[in-house]
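The values are calculated or read from the model by the stated rules, or taken from the named source; none is laboratory data. On a predicted model such as this, the values are computed, not experimentally measured, just so you know. Neighbour counts are summed over all protein chains in view; Cβ atoms, including those assigned to glycine, are modelled from backbone coordinates with ideal geometry.
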Amino acid sequence: MSCNHINPPGYHFCGKCGETLEVARCRCGFAAAAGDLFCGRCGASLVANTGGISKAAADTGQRLDLELLAQQAAEEKQFIETTHKARVTQDDIRKLLAARKRRF
Amino acid sequence: MEKRKVRVLIADDEMHIRSLIRLIVTSLGAEVVAEAADGEQALSLYAERRPDMVMLDINMPKLDGIAVLKRIIEINPRALVIMLTSLNALDVVKECIDSGASNYLLKNMTAEELNREITSTWKDYMAAIQESAKS
């Protein structure tokens, strides 16, 4: 970048001159800072992914981020469902048994 | 319990739990005819001894208690199987009840509560058997 302005993380374009900022895009969709060797989100190596991206590529990355977020949300939901299953007490079980009285 | 000794199979991979259940059921006048430390052994002993009642754990090696329960109910749809486990997940409880378990007891209850539950399950079972014999 020519103006040497220091932009905060997350900026795709320089806040001072508007130039496209070089970011390292991880496969997980995370936009790491230029020069980072590993992804700040998933820890994957960024060496193979490092390089400048165009605005179109940034847009594509943004879309990927949304897809990834949706996928992560689904995974979290499944995790919550499997790890926070409804727990019952012996009284609850008695009620269940009474409701579904077995026919011998 | 009834005058005739109720024949019981205990299936639990933990020996101290089996000993505790044995104490409880014998104090109720029942007879422990077999003990199994895993699911496969439980099934094999069930087929061999045909007990009146099965006290069945869920987390066991080789074959879990739910699979054992389903197989026992296939062999004998009127089998009296009481699940005795620490698992208190609603879906597991429902699956066992739907699969034919006569009762589902949590291991966190006292020996006195266990006595009461086992006795009342046996009485309900016998009453239902007698009722179905009349009709």
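Residue count for the stretch A:79-98, restricted to those that are modelled with pLDDT of 85 or more and among the hydrophobic types (A, V, I, L, M, F, W, C): 5. Given the options B:D64, B:D12, name the one that is modelled with pLDDT of 90 or more, crowded, with 23+ Cβ neighbours inside 10 Å and not aliphatic (A, V, I, L, M). Result of the check over B:D64, B:D12: B:D12.
Based on this model, can you work out whether B:K123 counts as more than 20 Å from B:A47 (Cα to Cα) and out of contact with any His (no Cβ under 6 Å at 6 or more places or on another chain)? It is true that B:K123 is more than 20 Å from B:A47 (Cα to Cα) and out of contact with any His (no Cβ under 6 Å at 6 or more places or on another chain).
Residues in the stretch B:75-109 that are of a type in the set (D, E, K, R) and under 24 Å from B:E31 (Cα atoms) were compared, and the one that is surrounded by the fewest Cβ atoms within 10 Å (Cβ to Cβ) is B:R78.
Being at pLDDT 95 or above and among the small types (G, A, S) is true for just one of B:G39, B:G29. Which residue is that? Even if it seems obvious, please write down each step before you answer.
Values: B:G29 fails: at pLDDT 95 or above.
From the options B:G39, B:G29, the qualifying one is B:G39.
Of the residues that sit in the stretch B:80-125 and are part of a loop (DSSP other than H, G, I, E, B) and more than 10 Å from chain A (Cβ to nearest Cβ), which one is modelled with the lowest pLDDT? Walk me through it before giving the result.
We begin by selecting, within the stretch B:80-125, every residue part of a loop (DSSP other than H, G, I, E, B); these are B:86-88, B:100-102, B:107-110.
Filter once more, so that each one left must be more than 10 Å from chain A (Cβ to nearest Cβ): B:86, B:107, B:110.
Working: B:S86: 91, B:K107: 90, B:T110: 87.
Top of the filtered list is B:T110.
Every listed requirement among (1) over 15 Å from A:D92 (Cβ atoms); (2) within 11 Å of chain A (Cβ to nearest Cβ); (3) at pLDDT 90 or above is met by B:Q130 save one, (3). Does the stretch B:16-38 include one or more residues that are charged (D, E, K, R), over 14 Å from B:L84 (Cβ atoms) and out of contact with any His (no Cβ under 6 Å at 6 or more places or on another chain)? Yes: one or more hits. Residues that are of a type in the set (D, E, K, R) and within 14 Å of the chain's Cα centre (by Cα) within the stretch B:50-63 comprise B:R50, B:D52, B:D57, listed in sequence order.
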